[in-house]
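Below is one structure, written out as structure tokens; comments come after it.
Computed from the coordinates by the stated procedures, all read-outs in this text should not be read as laboratory data. It should be emphasised that the depicted structure is a prediction, and the values quoted were computed from it without experimental measurement. Cβ placement follows ideal geometry from the backbone for every residue including glycine, while neighbour counts extend to all protein chains displayed.
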Amino acid sequence: MTPTRKPKTALRMAARTALILFLFVVAFTALLAAAHLWTRPSIEAAAAGEKMKLIDEVLPRDRYDNDLLDDAVTLDAPELDSGGPSRILRARKDGRIVALVFETVAPDGYAGNIRLLLALDAGGRIIGVRAVAHKETPGLGDYIDPRKDRDKAHPWIAQFDGLNPAIIDAREWRVKKDGGRFDSMAGATVTPRAVIKAVRRAALFIAANRELIQAPR
């Protein structure tokens, strides 16, 4: 009888082990799901807070009174080079749209893509521009980022403030070395050329699609 009992005992032990492992996996998965649900609001709030910090750099909060992150329109906009649909935030004051905030990409930076955040007022003038992600050469091309720009009083990126690409000759949208209006650092003109071109293209796209962007949701 001993030879018969051993296989049955082994089978029972294997089945018991498999059941324990299964229950452990189920319990562990349930704990992970619960933890995700528990922490998701905090993670989303932190992400929204970080995004608002960036937006504050191009559009002061006293210029609008709505929930900016909750008032947006999504468009297919290859002109913005974002690699997919673009989300355009609509800032309102007393119910009226006073500014638009959106991202665009300069695909021809010296070290690759330069992701930019722009804010335009209702008339198409640039309120602010920031480089939010790039891999430009430290100490050379990274002066497009005001945090890296040595001129803290007059950072390079501030040259866009107040300009309206729709009413400024396209020939001015170049660095001074190329006959335009924008300053640049000697030996590092590829980066500003890319940013200038991307900002102008994006602003003109928004102006051309303003009615669609401002239409009621």
Using a Förster distance of 22 Å, the FRET efficiency for Val132-Ile167 (Cβ separation, nearest 0.05): 0.25
Gain in span if fully extended, Asp151 to Ala215, counting 0.36 nm per residue against the direct Cα distance: 19.0 nm
Amide H contacts of Arg92 (H built 1.01 Å from N, under 5 Å, at least 5 apart or other chain): Asp65, Asn66, Val98
Summed over the other residues with a beta carbon less than 13 angstrom from that of Pro192, with K and R at +1 and D and E at -1, the charge totals 0
Per GNM of the chain with C-alpha springs under 10 angstrom, the most fluctuating residue out of Gly124, Gly179, Gly162 is Gly179
Descending semi-axes in whole angstrom, ellipsoid equivalent of the chain, from the Cα gyration tensor: 53, 23, 16
Which ³J(HN,Hα) values in Hz, rounded to whole numbers, follow from the phi angles of the range 175-182 under the Karplus curve 6.51 cos²θ - 1.76 cosθ + 1.60, where θ = phi - 60° and Gly and Pro get x? 6, 4, 4, 9, x, x, 10, 9
Considering the zone a paramagnetic label at Leu204 would reach in this model (a point 7 Å from Cα along the Cα-to-Cβ line), which residues of the range 66-84 have amide N under 20 Å from it? 76-83
Measure nothing but the geometry: give the 0 to 90° angle between the long axis through the Cα atoms of 190-208 and the longest principal axis through the Cα atoms of the chain, rounded to 10°. 90 degrees
Total lysine pairs under 19 Å (Cα atoms) in the chain, excluding pairs fewer than 8 apart on one chain: 6
Most packed first (mean Cβ within 10 Å per residue), the peptides 12-18, 115-121 order as 115-121, 12-18
Given labels modelled 7 Å from the Cα in the Cβ direction, how far is it in nm from Leu32 to Asp178? 4.9 nm
Under the 7 Å Cα-to-Cβ spin-label approximation, Asp71 and Met185 lie apart by a distance in nanometres of 3.8 nm
